[in-house]
Amino acid sequence: MQVLDMAETDQTSETHNATAQMREFVAFGLADEEYAVDINAVREIRSFMASTSLPDAPPHVIGVVNLRGAVVPIMSLRERFGREPVEPDRKTVVIILHYNQQTIGLLVDAVSDILRVENKDIQPAPEFDRESGAGSVGSMIILEDRLVGILLLDQLLAGMADFDLTGEAA
């Protein structure tokens, strides 16, 4: 017969509740702004790599790369957000995401942090134009000295599912 120690159960339950209320994000810089993506969507972070451009790609897709045998589109977040593109430097990185069975690279200025935040420190972003699909920031992380926008990957990657890299109709 197994004896259950209620003190242990309570501690385990408290630990589980505390963990359930925490979320982790990869934060990155883009111009003078800071954004984040859920760490669960991030597969890897790579230094900038040259890409092969495709003539029919959307303007913010700067090209594709071969990532261990998979063709992965690279999206410039600067261009996706209507910012002026800049030449990549040694801090420029590509965040490889896997989300909703899509793999895509996000070209960003630099990764700044891995943030572990409580749910209470996440607030909805102002709703500007989400109905039209233009809003890519769904929530804001409120830190002592800064605000970090959490990207809505569904909105950000809208249209990328139609960007077929196999040559077949999507």
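Okay, here's what the table says:
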{"item": "Note, ³J(HN,Hα) from phi for the range 71-86, Karplus 6.51, -1.76, 1.60, rounded to Hz, x at Gly and Pro", "result": "8, 10, x, 10, 9, 7, 5, 4, 6, 4, 8, x, 8, 5, x, 10"}
{"item": "Radius 15 Å from Cβ of Leu67, net charge of other residues (Lys, Arg +1; Asp, Glu -1)", "result": "+2"}
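Bear in mind these aren't lab numbers, they're just calculated from the coordinates by the rules spelled out. Since the structure is predicted, the reported quantities are computational estimates derived from the model, not experimental observations. Here the Cβ is made from the backbone with ideal geometry for all residues, glycine too, and neighbour counts use every protein chain on show.
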